[in-house]
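Take a look at this one; I'll ask things after.
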Amino acid sequence: MPEVRPDEITEILRRQLSGFESEVDIYDVGTVLQVGDGIARVYGLSKVMASELVEFPNDVFGMVLNLEEDSVGCVLFGDSTLIKEGDVVKRTNRVASLPVGDNMLGRVITPLGVPIDGKGPIKTDQFLPIERKALGVIQRQPVKEPLQTGIAAIDAMIPIGRGQRELIIGDRQTGKTAVAIDTIINQKYTHTEEAKALGIKPVYCVYVAIGQKESTVAQVVAKLEEYGAMPYTTIISASASDPAPLQFIAPYAGATLGEYFRDSGRHALCIYDDLSKQAQAYRELSLLLRRPPGREAYPGDVFYLHSRLLERASKLSEDLGGGSLTALPVIETQQGDVSAYIPTNVISITDGQIYLESNLFNAGVRPAINVGISVSRVGGNAQIKAMKKVAGSLKLDLAQYRELEAFAKFGSDLDKATQRTLAKGARLVELLKQGQYSPIPVEKQVVSIFLGTNGYLDSIAVYDVKRFEKEILEFIEMKYNQIFQIIKKEKDLSSETIELIKKAAEEFLSMFKKS
Amino acid sequence: MSISKVANRYADSFLANAIEKGILDEITNDVNFILNVINSSDELQRFLASPIIKTELKKSILREIFADNTSAHTLKFLEFVVDKKREDILIQIFEKFIELKDDYLGIVRLDIKSAFPLSEDLKEILLKKFESIFNKKIEAVFSQEDNLIGGFLVKYRDTVYDASIKHQLEKLKQNLISGSLSLN
């Protein structure tokens, strides 16, 4: 058995203590007047700043939200039962902030930066305030690079650019989180050497889980680890059992971490899942702080709550390094009601929305995106040319299909043209179906959408479409791999490439075995 | 209106009045005396706070208690406060008065706590030091608090100058916890 000499221990202790200086500490204090429901009213603290972090006994921290004439209203980030009336509150002299750094990647943290994944402390040397002002006009430039989600329906028709704010909205159980997770998984490609050679910059991801079950968060972590997406992702979790103040600040903490990447000239993607829960948490603490309630009992500044968060998404000008922060907020609707207070607010703030519907989901269209009412207001500029070319006719074909869809039940009573439109539409819808955790690279999306819109699927039965797509993509990859390479490199669809795709498609059609 | 706001208003006008009449010292003594009396008697506090007792009765009782030891001016102010039915916040008014008076005279009132009674020499040194920090006249109340273990703690309004062993031990504990991994 190894032996430890007592004088060695003494030496270690002495070394530790030698760095400890005992000086007079000067700090400001206040006294707790009233405490309860995660709120404390404090007398004193006369010089405290708004949104400053204050320290209560028993290692409970709080944040100052209300500055009143003779008292200060604080929200507590810990258990309010640990605090008693008359306790001493200390100022910390810093506004609520988050430690940031590259070491945050691959970790699960609380909104205050404390790791909760059991992988030990995180070494960072920089703190950034949680609430930061969004950038102005001068510092920005229009969105111009695509952020590939790997979901064909989105990348083709509702493209998202780096620096955009795109809302994911839908009822419960419609696959909102799935869209977000797939997007994170698809960013794995941007971290490869191949992407670097093609000039695609890596995207770092931040997933903010607000008011979710711990089990759901654990599931997300497990999935991201399984698909190798954790090394470039940070998860910020304020679960349903955390106090409302933590849920309230969680998205701001996520934005701060995203901004750290953005400001160092890199690209970040921030997913806020979901903002309806954050609004509810904010409503709870606003009411407890006795701020007057407004519509649906939300406080008057609930619009500002989300607008100041989403305004922080941005694409920096080249002078500032050209970094970007893309925001994908998630909103859960009740019974498809998009005209409720919070959904309308966030729809009006964002640059477009991806609308997920439960009846589509139940009909087997997954991802259950309603492409008719989903839009992206700025992403079109960022789409690669090849995709732009094929997506134009896709949108048109699907719009015509939706118009005639009601007639589909009349079947053979319809004229030839209508029947053709319906058949094509049904195949396109089938083509856009996609499994979870299986993002498709953009060059493959381009080829399969090209095949769909140019009538190569017309002779294939609807139930065979997915198999046909899979097999032809494999066929092209093996025999005509140059097609993918050209699209990747040139990002455009030249007439020669089109000829090549047509040739490959005809060759494969003759071999395809219908089931 | 909040209590502190009301107390501030009464105290402010009482102070202004005292300064105008040039009887600030006298009034200050009265106020300290009355505060002492009220703080030492629970019964008197309950009496002041009670809404059942009639204004006239309150006035006559207060007159009886304080007439011999305080100036006519202070007595008049007491009656005025009772007339306005603000006698329940009399303590706050007088505390605010002391605070405003200190500001006016440029006095810093310190609350100094120590684990052991300080010797006169030590008190002298301490007061000198704080005089140089604040650049103002210092008035201090010394008291003993055992749980400080050692050292002293000075409180000026919301600011604390903490040189107690208790605080240092707490800091040391924090240091050891956060630095515990560097031991290995």
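The values are calculated or read from the model by the stated rules, or taken from the named source; none is laboratory data. The structure displayed is predicted, hence computed values, not measured ones. No Cβ is skipped: glycine too gets one built from the backbone with ideal geometry, and neighbour counts run over all protein chains shown.
Looking at B:Leu148, B:Leu169, can you tell me which residue is surrounded by 16 or more Cβ atoms within 10 Å (Cβ to Cβ), within 19 Å of A:Val89 (Cα to Cα), hydrophobic (A, V, I, L, M, F, W, C) and more than 9 Å from chain A (Cβ to nearest Cβ)?
B:Leu148
Yes/no per residue for (1) surrounded by fewer than 23 Cβ atoms within 10 Å (Cβ to Cβ); (2) in contact with a Cys (Cβ under 8 Å, 6 or more places away or on another chain); (3) closer than 24 Å to A:Leu316 by Cα:
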residue	(1), (2), (3)
A:Asp87	yes, no, no
A:Ala96	no, no, no
A:Val100	no, no, yes
A:Leu105	yes, no, yes
A:Val114	yes, no, no
A:Lys119	yes, no, no
A:Phe127	yes, no, yes
A:Lys133	yes, no, yes
A:Thr190	yes, no, yes
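Quick check on this structure: which one of A:Phe261, A:Phe248 is more than 13 Å from the chain's Cα centre (by Cα), within 15 Å of A:Leu112 (Cα to Cα), assigned to a helix (DSSP H, G or I) and of a type in the set (Phe, Trp, Tyr)?
It is A:Phe248.
Looking at the range A:68-82 only, could you name the residues that are surrounded by fewer than 21 Cβ atoms within 10 Å (Cβ to Cβ) and more than 14 Å from chain B (Cβ to nearest Cβ)?
Within the range A:68-82, A:Gly78, A:Asp79, A:Ser80, A:Thr81, A:Leu82 meet the criteria.
For the range A:216-244, how many residues are farther than 23 Å from A:Gln280 by Cα, touching a residue at least 40 places away in the same chain (Cβ under 8 Å) and polar (S, T, N, Q)?
Of the residues in that region, 2 qualify.
Which number in (1) within 24 Å of the chain's Cα centre (by Cα); (2) part of a helix (DSSP H, G or I) marks the one condition that B:Val108 misses?
(2)
Further question: Quick check on the range A:151-164. Is at least one of its residues surrounded by 15 or more Cβ atoms within 10 Å (Cβ to Cβ) and touching a Phe, Trp or Tyr at 6+ places or on another chain (Cβ under 7 Å)?
no
Report the residue count in the range B:80-97 for those that are surrounded by fewer than 17 Cβ atoms within 10 Å (Cβ to Cβ) and more than 15 Å from B:Phe47 (Cβ to Cβ).
Residues meeting the conditions: 4.
If you don't mind, there's one more thing I want to ask. Among the residues in the range A:3-24, are any out of contact with any Leu (no Cβ under 6 Å at 6 or more places or on another chain), basic (Lys, Arg), touching a residue at least 40 places away in the same chain (Cβ under 8 Å) and within 12 Å of chain B (Cβ to nearest Cβ)?
no
Outside any strand (DSSP E or B) and within 14 Å of chain B (Cβ to nearest Cβ): which single residue out of A:Lys144, A:Lys123 fits that description?
Unique residue meeting the criteria: A:Lys123.
Turning to a different aspect of this structure: Mind checking which pairs have a first residue in the range A:487-512 that is touching a residue at least 60 places away in the same chain (Cβ under 8 Å) and a second that is among the acidic types (Asp, Glu), Cβ under 7 Å, 6 or more apart or different chains?
Close Cβ pairs satisfying both conditions: A:Ile487/A:Glu443; A:Lys488/A:Glu443.
State whether the residues of the range B:30-39 include one that is under 13 Å from B:Glu87 (Cβ atoms), surrounded by fewer than 14 Cβ atoms within 10 Å (Cβ to Cβ) and hydrophobic (A, V, I, L, M, F, W, C).
Scanning the range B:30-39 turns up no residue that is under 13 Å from B:Glu87 (Cβ atoms), surrounded by fewer than 14 Cβ atoms within 10 Å (Cβ to Cβ) and hydrophobic (A, V, I, L, M, F, W, C).
So, A:Leu112, is that one in contact with a strand residue (DSSP E or B) (Cβ under 6 Å, 6 or more places away or on another chain) and either more than 14 Å from chain B (Cβ to nearest Cβ) or not β-branched (Val, Ile, Thr) (or both) or not?
No.
Something else: A:Pro343 - would you say it is part of a helix (DSSP H, G or I), within 21 Å of the chain's Cα centre (by Cα) and modelled with pLDDT of 95 or more?
yes
Still on this model: If a residue must be in contact (Cβ under 8 Å) with a residue 24 or more places away in the chain and within 14 Å of chain B (Cβ to nearest Cβ), how many such residues does the range A:38-55 contain?
Here the count works out to 11.
Within the range B:154-165, can one find any residue that is within 13 Å of chain A (Cβ to nearest Cβ), assigned to a helix (DSSP H, G or I) and closer than 20 Å to A:Glu23 by Cα? Steps first, please.
We begin by selecting, within the range B:154-165, every residue within 13 Å of chain A (Cβ to nearest Cβ); these are B:154-165.
Those still in the list that are assigned to a helix (DSSP H, G or I) too: B:165.
Those left that are additionally closer than 20 Å to A:Glu23 by Cα: B:165.
Within the range B:154-165, one or more residues are within 13 Å of chain A (Cβ to nearest Cβ), assigned to a helix (DSSP H, G or I) and closer than 20 Å to A:Glu23 by Cα.
Mind listing whichever residues of the range A:89-112 are outside any strand (DSSP E or B) and under 30 Å from A:Tyr43 (Cβ atoms)? Give the derivation first.
Filtering the range A:89-112 for residues outside any strand (DSSP E or B) gives A:96, A:101-107, A:110-112.
A:Ala96, A:Thr110, A:Pro111, A:Leu112, listed by residue number.
A follow-up question, please. Given (1) within 23 Å of the chain's Cα centre (by Cα); (2) of a type outside the set (Lys, Arg); (3) within 14 Å of chain B (Cβ to nearest Cβ), where does A:Asp117 come up short, assuming only one miss?
Of everything listed in (1) within 23 Å of the chain's Cα centre (by Cα); (2) of a type outside the set (Lys, Arg); (3) within 14 Å of chain B (Cβ to nearest Cβ), A:Asp117 misses just condition (3).
In addition: Of all the helices (runs of 4 or more DSSP H) wholly in the range A:169-245, which have at least 1 residues that are among the small types (Gly, Ala, Ser) and over 16 Å from the mean Cα position of the chain (by Cα)?
The qualifying helices (runs of 4 or more DSSP H) are A:193-197, A:214-226.
Something else about it: Restricting attention to the range B:16-23, does a residue exist that is exposed (fewer than 15 other Cβ atoms within 10 Å of the Cβ), of a type in the set (Val, Ile, Thr) and either within 14 Å of chain A (Cβ to nearest Cβ) or over 17 Å from B:Phe94 (Cα atoms) (or both)?
No, every residue in the range B:16-23 fails to be exposed (fewer than 15 other Cβ atoms within 10 Å of the Cβ), of a type in the set (Val, Ile, Thr) and either within 14 Å of chain A (Cβ to nearest Cβ) or over 17 Å from B:Phe94 (Cα atoms) (or both).
When you look at B:Phe142, is it surrounded by 14 or more Cβ atoms within 10 Å (Cβ to Cβ), outside any helix (DSSP H, G or I) and more than 10 Å from every other protein chain (Cβ to nearest Cβ), yes or no?
On the way: surrounded by 14 or more Cβ atoms within 10 Å (Cβ to Cβ): yes; outside any helix (DSSP H, G or I): yes; more than 10 Å from every other protein chain (Cβ to nearest Cβ): yes.
Criteria met by B:Phe142.
Looking only at the range A:401-434, how many residues end up being of a type outside the set (Phe, Trp, Tyr) and farther than 14 Å from A:Leu457 by Cβ?
17
Which one of B:Phe130, B:Phe134 is surrounded by fewer than 15 Cβ atoms within 10 Å (Cβ to Cβ), within 13 Å of chain A (Cβ to nearest Cβ) and touching a strand residue (DSSP E or B) at 6+ places or on another chain (Cβ under 8 Å)?
Details: B:Phe130 fails: surrounded by fewer than 15 Cβ atoms within 10 Å (Cβ to Cβ).
Only one candidate qualifies: B:Phe134.
OK, next. Can you tell me how many residues in the range B:66-79 are within 20 Å of the chain's Cα centre (by Cα) and more than 16 Å from B:Leu48 (Cα to Cα)?
The qualifying residues number 2.
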